[in-house]
Amino acid sequence: MPTIVVDVMPKSELLDPQGKAVSGAFARTGVTAFSDVRIGKRFELTVDGEVTDAVLAEARRVAEEVLSNSVIEDVVAVSVSGAEAAE
Amino acid sequence: MTVRIGVVTFPGSLDDRDAQRAVRIAGAEPVALWHGAHDLGGVDAVILPGGFSYGDYLRSGAIAALSPIMTEVKDAAAKGMPILGICNGFQMLVEAHLLPGGLIRNDHQHFVRRDQKLTVTNADTAWTRDFSAGQEIIIPLKNAEGGYVASEETLDRIEGEGLVAFRYTGVNPNGSLRDIAGLTNPAGNVVGLMPHPEHATEPGFGPDTAAAMRSGVDGLPFFTSAIAAVARAAA
């Protein structure tokens, strides 16, 4: 069954306290390769049937209006995964 | 005329009963409302209480903002009904776009609980007219996701329009931009804040004051203001 994946990230200009906490843990455990960590959300929307343009448009709409809050977050990707993805 | 103030209970609301009690102490009749009903029960004002509605899943207040009753709350807000969002209720109001901005995890990443000093910056709203502008009050604060954020442009606009209703004073407990603790809409009927005025309405159960332990009742004017606003609108 195809799945539409929505990725949401906190806005880059805002503090990401969760990411900051992970950065702190890296520093404490000697991980030095990464200067910053930011934590976002991945949503998997299961589609019964074909991913039509209308379904994809609906996914984009809920991504903007429900799954994210444009004041604090950005929708960075809406993509189709799974075998029956529409061309 | 007895003013009737509704308090909406959502799955995960914690302070709905406290808000009802505060309404009663202030001299109005509390009316329990249910998130799943498209019905405000004919109340004169509405309080969205604190808690962790829907476990704060997705974003704090986000799923509650899509509840059936929020359709009626938005309609009533547009018609000028006094609406107060406390803590999780404030988060619902921003998620419902009734107030601007957003609330994120506290900058220090911890839950915070303290008796918080606030400055009343707008004393011309339905919920603040019994204060005076610039008045300092002590209201209990308890949250993990109370960091107020908005774009610089939005912050400039809301400050310019006088929409900042309360500012954290002395200590900024959560990293809120420009020390913003609470907001009003331009009409002054919709007010939201992170601190909990309902926890400072009854001597013996409020924050400590210089006079006596737990004697703080600085939250009471929120409710008396709304009662007066309703009475004035009806007159």
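Listed by position, the strands (runs of 3 or more DSSP E) enclosed by the range B:1-103 that each have at least 2 residues that are crowded, with 24+ Cβ neighbours inside 10 Å are B:4-9, B:45-48, B:83-86.
For the range B:141-191, the set of residues classified as within 14 Å of chain A (Cβ to nearest Cβ), assigned to a strand (DSSP E or B) and either under 19 Å from B:PHE222 (Cβ atoms) or β-branched (Val, Ile, Thr) (or both) consists of B:ASN143, B:TYR148, B:VAL149, B:ILE180, B:LEU183, listed by residue number. Return the residues of the range A:30-43 that are touching a Gly at 6+ places or on another chain (Cβ under 8 Å) and either in a strand (DSSP E or B) or β-branched (Val, Ile, Thr) (or both); say none if nothing qualifies. Those that are touching a Gly at 6+ places or on another chain (Cβ under 8 Å) and either in a strand (DSSP E or B) or β-branched (Val, Ile, Thr) (or both): A:VAL37, A:ILE39. Against the test of being among the polar types (S, T, N, Q), over 26 Å from B:ILE227 (Cβ atoms) and either at pLDDT 95 or above or in contact with a Pro (Cβ under 6 Å, 6 or more places away or on another chain) (or both), the options B:GLN109, B:GLN20, B:GLN91 yield a single qualifying residue, B:GLN109. All conditions but one from (1) farther than 19 Å from B:GLY102 by Cα; (2) over 13 Å from the mean Cα position of the chain (by Cα); (3) in contact (Cβ under 8 Å) with a residue 24 or more places away in the chain apply to A:SER12; the one that does not is (1). Residue check: is A:VAL47 in contact with a helix residue (DSSP H, G or I) (Cβ under 8 Å, 6 or more places away or on another chain) and buried (at least 16 other Cβ atoms within 10 Å of the Cβ)? The answer is yes for A:VAL47. In this structure, does B:ILE86 turn out to be touching a Lys or Arg at 6+ places or on another chain (Cβ under 9 Å) and more than 11 Å from chain A (Cβ to nearest Cβ)? No; evaluated as a whole, the condition is false for this residue.
Give B:ARG167, B:ARG157 a once-over and let me know the one that is surrounded by fewer than 24 Cβ atoms within 10 Å (Cβ to Cβ), modelled with pLDDT of 95 or more, basic (Lys, Arg) and over 18 Å from the mean Cα position of the chain (by Cα). After applying the criteria, what remains is B:ARG157. Set side by side, the residues B:ASP124, B:ASP107, B:ASP130 differ, and just one is in a loop (DSSP other than H, G, I, E, B) and within 14 Å of another protein chain (Cβ to nearest Cβ), which is B:ASP107. Being in contact with a helix residue (DSSP H, G or I) (Cβ under 6 Å, 6 or more places away or on another chain), of a type in the set (Val, Ile, Thr) and assigned to a helix (DSSP H, G or I) is a property that does not hold for B:THR201. Hey, could you check the range A:1-29 for residues that are within 12 Å of another protein chain (Cβ to nearest Cβ) and part of a loop (DSSP other than H, G, I, E, B) and say which is farthest from B:SER151 (Cα to Cα)? Going through the qualifying residues, I end up with A:ASP16. Against the conditions (1) under 18 Å from the mean Cα position of the chain (by Cα); (2) under 26 Å from B:GLY27 (Cβ atoms), where does B:MET213 fall short? Just the number, please. Only one criterion is unmet by B:MET213, namely (1). Applying the set (1) modelled with pLDDT of 95 or more; (2) within 14 Å of chain A (Cβ to nearest Cβ) to B:ASP56 leaves exactly one unmet item: (1).
Residue pairs whose Cβ atoms lie under 8 Å apart, sitting 6 or more positions apart in sequence or on different chains, and linking a residue in the range A:46-68 that is within 14 Å of another protein chain (Cβ to nearest Cβ) to a partner that is of a type in the set (S, T, N, Q), are A:GLU64/A:SER70.
The values are calculated or read from the model by the stated rules, or taken from the named source; none is laboratory data. Here the structure is a predicted model, which is why all the values come from computation and not from measurement. All Cβ positions, even for glycine, are placed from backbone atoms using ideal geometry, and neighbour counts span all protein chains on display.
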